Amino acid sequence: MHEEILTERGVPYGHGKLLDIYRPPGAGPAPIILLWHGVGQDERDVLEPLARATAALGAVVVVPDWRSDAPDEGRAHLLASLAFTRQAAAGLGAGDDAIVLAGWSRGGRCAAAIGVRAEGVDGWRPLAVACLGSAYTRPAPTTGTSPIADLAAGRATPVPFWIVHGTADTVVPAVASREFTATLRRHGWPVRFEEPPSDHAGVVMAEYDPALRRCRPATAGHAIAAGRLSARMLAAAAGTLRAGDVGAQLPSG
């Protein structure tokens with residue numbers, strides 16, 4: 001099934017940055033997932049296996065480069081990629097009210113910060129938010145405030161959250177997502193939380209290569225399984241997979 005996915009690579013979105021677009025098989029409207037990588041310099045390629053697995057489940061996936069080491073910690077890149085996705089939504093098969101904000105590690109914190117902030121971005125609200133291996137107590141570049149602080153303020157209209165965090169994550173311990181999930185539930189936000197037996201990179205179907213000093217596609221079974229779970233969570237957040245099927249072992253394509 002993956003061979004039927006249409007991939008558009010190296011699309012400029014602003015500030016000299018590029019993004020890739022993964023379209024599901026077949027024609028017709030599809031919801032969009034904007035998926036941000038974590039700390040690093042232009043690592044959209046790290047998320048390709050996850051993006052392809054998610055597109056195979058029916059969603060359009062947009063994966064931009066951004067630089068966390070920029071003077072503004074990547075704020076301009078992140079918000080420009082969101083603006084591009086919103087403007088391109090109709091051409092991608094959906095409206096800008098059918099966009100899921102998603103991210104891995106710091107990218108997930110950046111997505112969560114927009115989701116829980118009352119004013120969002122120019123009053124825009126995502127369809128849902130998905131966070132993979134993220135922490136939530138420090139300020140996010142997208143808003144300048146921490147997601148958990150804005151959530152506690154209780155001013156935003158709730159949107160669904162979909163959270164995945166590996167139990168073997170030593171970079172960002174899973175307690176971060178447990179505590180954020182508990183806070184979401186305490187404030188009446190809908191949330192689905194899964195803890196696969198994998199590590200920080202495993203939840204995006206990747207593994208860290210010390211020789212490369214960056215992540216590469218996973219070969220370990222636990223990471224492949226965790227990445228497929230994340231793909232199902234993303235697809236459920238977008239509405240292309242039933243929530244009841246998230247735990248199912250679907251064909252990998």
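A few remarks follow.
- Residue ranking by accessible heavy-atom surface, 1.4 Å probe, largest first, among His77, His37 comes out as His77, His37.
- Residues with amide H under 5 Å from that of Ile33, placed H, sequence gap 5 or more: Val60, Val61, Val62, Val100
- For the peptides 232-238, 45-51, 216-222, residues were scored by their other Cβ atoms within 10 Å and the scores averaged per peptide; the highest-first order is 232-238, 45-51, 216-222.
- Beta bridges by DSSP in the chain, antiparallel share as percent, to the nearest 5: 45
- Segment Thr219-Ala149, length gained on full extension (0.36 nm per residue, minus Cα span): 21.4 nm
- Gyration tensor (alpha-carbon) shape descriptor, the stretch 89-135, a/c threshold 1.5: oblate
- Amide H contacts under 5 Å for Thr145, placed H, 5+ residues apart: Ala140
- Here the stretch 73-138 is assigned +1 on the Cβ of each Lys and Arg and -1 on the Cβ of each Asp and Glu. Its dipole about the Cα centre then comes out at about 260 debye.
- Only one residue of Thr145, Gly14, Leu50 has its Cα farthest out toward the positive end of the dipole of the chain, where Lys and Arg carry +1 and Asp and Glu -1 on Cβ, and that residue is Thr145.
- Residues of the stretch 4-118: accessible area per residue with a 1.4 Å probe, Å²: 33
- Alpha-carbon radius of gyration plus Dmax, which is the widest Cα pair, for the chain in Å: 16.2, 46
- Spherically averaged projected area of the stretch 179-233 from its Cα convex hull (nm²): 4.5
- Student exercise, the stretch 153-212 dipole from Lys, Arg, Asp, Glu Cβ charges, in Debye to nearest 20: 560
- By a 1.4 Å probe calculation restricted to protein chains, Leu79 has an accessible surface near 40 Å², given to the nearest 10.
- Over the chain, relative contact order from alpha-carbon pairs under 8 Å, at least 6 apart, %: 18
- Formal net charge of residues neighbouring Ser81 (Cβ-Cβ distance under 13 Å; K, R +1; D, E -1): +2
- Helix content alone sets the calculated 222 nm mean residue ellipticity of the chain: runs of n ≥ 4 DSSP H residues at -39500 (n - 2.57) each, divided across all residues, give -9000 deg cm²/dmol.
- Accessible surface comparison of Asp69, Asp122, Asp169, Asp199, probe 1.4 Å, protein chains only, largest first: the order is Asp122, Asp69, Asp199, Asp169.
- Charge sum, other residues only, whose C-beta stays under 14 Å from Lys17's C-beta, Lys/Arg counted +1 and Asp/Glu -1: -3
- Placing unit charges on the Cβ atoms only, positive for Lys and Arg and negative for Asp and Glu, gives the chain a dipole magnitude near 460 debye about its Cα centre.
- Under 5 Å, built H, 5+ apart or other chain: amide partners of Trp162: Val129, Ala130, Cys131, Arg192
- Gyration tensor verdict on the stretch 156-253 (Cα atoms; rounded if a/c is under 1.5, prolate if a/b is larger than b/c, oblate otherwise): oblate
The values are calculated or read from the model by the stated rules, or taken from the named source; none is laboratory data. None of the values given here were measured: they were computed from a predicted structure. As a convention, Cβ positions derive from the backbone with ideal geometry for all residues, glycine included, and neighbour counts pool all protein chains shown. Calculation scope for accessible area: heavy atoms of the full protein, side chains included, ligands and nucleic acids excluded. Shrake-Rupley method; radii C 1.70, N 1.55, O 1.52, S 1.80 Å.
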